[in-house]
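Every read-out reported here was derived from the displayed coordinates using simple, explicitly stated rules and does not represent laboratory data. None of the values given here were measured: they were computed from a predicted structure. Because the Cβ atoms are built from the backbone with ideal geometry, glycine has one as well, and the counts that use them run over all protein chains shown.
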Amino acid sequence: MVVVLTGPQVGERVFLSGPVTIGRDPGATLRLRDPRVGMIHLRLEPSPHPERWHLVDAGAGPTEIAGRPLVAHGRQLVGAREEIRVGDTLLRVELHDEVEQEFDRVVVERLHKDELTGLYSRRKFEEELAARLELATSPVVLALLDIDGLKRVNDAHGHLAGAAVIAHVGRTLARTLGSRGVAARLGGDELAVLFTMPLEEAIAITESLLEAVRFSPCVHEQYRHQVTVSAGLATPRPDPALTMRAADGALLEAKRLGGDRLVVAR
């Protein structure tokens, strides 16, 4: 496998079960958010030796192996414990046994998924948002969602009931959304959806998400907890932080107006 050793994606890893591409392109096997890394910066391909791999430079920028530069479009064998630098990111090739592989699988799952809802984690979602905004190859819409009435559930029935409601809403969103967007839990009762489609389509799907929650109460310990969801939508701003801020402002307006509705940021 290849493990990221430095930068905001430290701990990310990809298994070498076949040819692997590394770069900023969303289609890359290991996608890096390093501005000095090319869209497809390098490839790793199997070699006849089971513990060594061919590293092929794609000519998109400097690549170093163990501190030595690899010529553009060059090819070199790499093995376990060897370090590769692309842009400002340091990678390492590692060889793990079956126990270590299971550990790695759990680490990757926890990096990418929220345990309570099964949706993307905040970290993975922010990576997706940054990548989609950087490429700008298709329309992007960000929706931030907040559960209305969760404090009432927590106060009346305890935080275990509140957690059950969050999990239920997350599953309802995932089931209703399907493959039409990327959903995540950002923390607490705040959720997010990333759409790659025109704003009008994203509004229609978000309305369907709100409706699905509205008519799908959570049953926990014989109680039916009826909650709704508010949403704030925003189209891209100059950077991910400003886009998040715009969607958050629209979400606050939806809550101020009574909840169970969506507001689009101007």
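Residue 151: which lysines have alpha carbons under 25 Å from its alpha carbon, excluding same-chain residues fewer than 8 sequence positions away?
Within the straight-line cut-off, residue 151 pairs with 113, 255.
I'd like the trypsin sites (Lys or Arg not before Pro) in the range 1-85 restricted to DSSP loop residues with at most 11 other Cβ atoms within 10 Å, sorted by number.
81
Run through the range 206-236 and list the GluC sites (Glu not before Pro) located in a DSSP loop whose Cβ has at most 12 other Cβ atoms within 10 Å.
Here the GluC sites (Glu not before Pro) that fit, given the DSSP loop and packing criteria, are 221.
With r as the distance between the Cβ atoms of residue 208 and residue 33 and R0 = 22 Å, compute the FRET efficiency 1/(1 + (r/R0)^6) and round to 0.05.
Using R0 = 22 Å, I get an efficiency of 0.10.
What does the range 1-155 give for Rg and for Dmax, in Å, if only its C-alpha atoms count?
My reading of the Cα-based Rg and Dmax gives 18.2, 63 Å.
Which loop trypsin sites (Lys or Arg not before Pro) in the range 108-157, with loop taken from DSSP, have no more than 11 other Cβ atoms within 10 angstrom of their Cβ?
Taking the range 108-157 and a limit of 11 other Cβ atoms within 10 Å, no loop trypsin sites (Lys or Arg not before Pro) are found.
Put a dot 7 Å past each Cα toward the Cβ at residue 199 and residue 113; how far apart are the dots in nm?
Calculated label separation equals 3.5 nm.
Using DSSP loop states and a limit of at most 16 other Cβ atoms within 10 Å to flag chymotrypsin sites (Phe, Trp or Tyr not before Pro), what is the longest stretch of the chain containing no flagged site?
It works out to 16-214.
Rank by packing, highest mean first: peptides 242-250, 224-232, with packing defined as the count of other Cβ atoms within 10 Å averaged across residues.
Result, highest mean Cβ count within 10 Å first: 224-232, 242-250.
Computed from the mean reciprocal separation of all distinct C-alpha pairs, what Kirkwood hydrodynamic radius does the range 187-266 have, in Å?
About 13.5 Å, per the Kirkwood formula over Cα pairs.
Given the DSSP H assignment, sum -39500 (n - 2.57) over each helix run of at least 4 residues in the chain and divide by its residue total; what's the result at 222 nm in deg cm²/dmol, nearest 500?
When only DSSP H runs of four or more count, the value is -11000 deg cm²/dmol.
May I ask for the distance between the Cα centers of the range 188-202 and the range 144-161, given as a whole number of Å?
22 Å
Note down the relative contact order for the range 22-125 as a percent, whole number, built from C-alpha pairs under 8 angstrom at least six residues apart.
After rounding, I find 16 percent.
Cα axis of helix 240-256 to longest principal axis of the chain: angle in degrees, 0 to 90, nearest 10?
Helix 240-256 and the main axis of the chain meet at about 10 degrees.
Please report the relative contact order for the chain, taking Cα pairs under 8 Å with a sequence separation of at least 6, and give it as a percent rounded to a whole number.
Taking the mean separation of contacting Cα pairs over the length of the chain, I get 13 percent.
Return the distance in nm (one decimal) between the two label points of a simple spin-label model at residue 68 and residue 266, each offset 7 Å from Cα along Cα→Cβ.
So the two model labels end up 6.3 nm from each other.
Can you give me the P(r) profile for the chain? Cα pairs, bins 10 angstrom wide beginning at 0, each as a whole percent.
7, 26, 27, 20, 14, 6, 0
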